[in-house]
Amino acid sequence: MVERISLIYIFEVLLIYKIVETIWEPVLSNVIVNITDLGIANSDSITESIDLSGDGKIMAMASSSKEIRINDNSKKIDGFEFGRRLQLRGAGTADERSIKLTVEGPAEIIVYGMSATSNSVRTLTLYDSNFANPSQGQSNDGNAIQKFTYTVDEAGTYYLAGDNGMNIYYIAITY
């Protein structure tokens, strides 16, 4: 019997591994409120805070002593046609006559609004969660609706409030 011997020469074995780390980030959804589309009837006064977005992310703050109103008012700008407005009716605080925003990450906040009185320059300002540190303010003279744009760098609670009466037609938090 003849014995067979096989020789196998292995010079090098090279294994390459590629490790990929997957980071899952939640997809953040824009929150948009058009006052015209809310379906809230004309109001003489709203005396408690109301959830405009339906999920608590955009709230109109009010109290029995500092009410707000929603009523008919037609305006056009940037291809939008608005038929209703939210009247903040005076200077705002964290609890009254302001818009409370819950933002989930870096975002742009877009508001269409104007001073509640023609020829009266009023400023709509963005405040932090303590209603302190006004960071961005934009003014309007009440003669035409305008687009206000604010940016935030991180998640948190923010407030928009005027230094006097402001009319708000549209609010969006965009990520």
Checklist outcome for this item: Inside region 111-155, the number of residues satisfying the requirement of being over 20 Å from Leu101 (Cα atoms) and not in a strand (DSSP E or B) is 11
Checklist entry - Out of all the residues in region 56-80, which are open to solvent by 70 Å² or more (accessible area, probe 1.4 Å), of a type outside the set (Lys, Arg) and either touching a residue at least 40 places away in the same chain (Cβ under 8 Å) or assigned to a loop (DSSP other than H, G, I, E, B) (or both)? => result Ser64, Ser65, Asp78, Gly79
Checklist entry - Inside region 47-95, can you point out the residues that are over 19 Å from the mean Cα position of the chain (by Cα), closer than 15 Å to Phe131 by Cβ and polar (S, T, N, Q)? => result Ser63
Checklist entry - Restricting the first residue to region 149-165 and requiring it to be touching a residue at least 24 places away in the same chain (Cβ under 8 Å) and acidic (Asp, Glu), which pairs with a second residue that is assigned to a loop (DSSP other than H, G, I, E, B) and surrounded by fewer than 17 Cβ atoms within 10 Å (Cβ to Cβ) meet a Cβ separation below 6 Å and a spacing of at least six or different chains? => result Asp153/Pro106; Asp163/Ala91
Checklist entry - Can you tell me how many residues in region 151-169 are open to solvent by less than 50 Å² (accessible area, probe 1.4 Å) and in contact with a Ser or Thr (Cβ under 8 Å, 6 or more places away or on another chain)? => result 11
Checklist outcome for this item: In region 4-53, residues that are in contact with a helix residue (DSSP H, G or I) (Cβ under 9 Å, 6 or more places away or on another chain) and at pLDDT below 95 total 0
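This table checks each residue for (1) hydrophobic (A, V, I, L, M, F, W, C); (2) under 20 Å from Ala41 (Cβ atoms).
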| residue | (1), (2) |
| --- | --- |
| Gly83 | no, yes |
| Glu104 | no, no |
| Ile110 | yes, no |
| Thr125 | no, no |
Checklist outcome for this item: Here the residues within region 34-55 that are of a type in the set (Asp, Glu) and either assigned to a loop (DSSP other than H, G, I, E, B) or surrounded by 15 or more Cβ atoms within 10 Å (Cβ to Cβ) (or both) are Asp44, Glu48, Asp55
Item to check | Filtered residues of region 81-105 (kept if more than 15 Å from Leu124 (Cβ to Cβ), open to solvent by 50 Å² or more (accessible area, probe 1.4 Å) and in a loop (DSSP other than H, G, I, E, B)) | outcome: Asp95, Glu104
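The values are calculated or read from the model by the stated rules, or taken from the named source; none is laboratory data. Because the structure is predicted, anything quoted here is derived from the model rather than measured. Cβ atoms come from the backbone with ideal geometry, glycine included; neighbour counts cover every protein chain shown. Note: areas computed on protein heavy atoms with side chains; ligands, DNA, RNA excluded. Shrake-Rupley method; radii C 1.70, N 1.55, O 1.52, S 1.80 Å.
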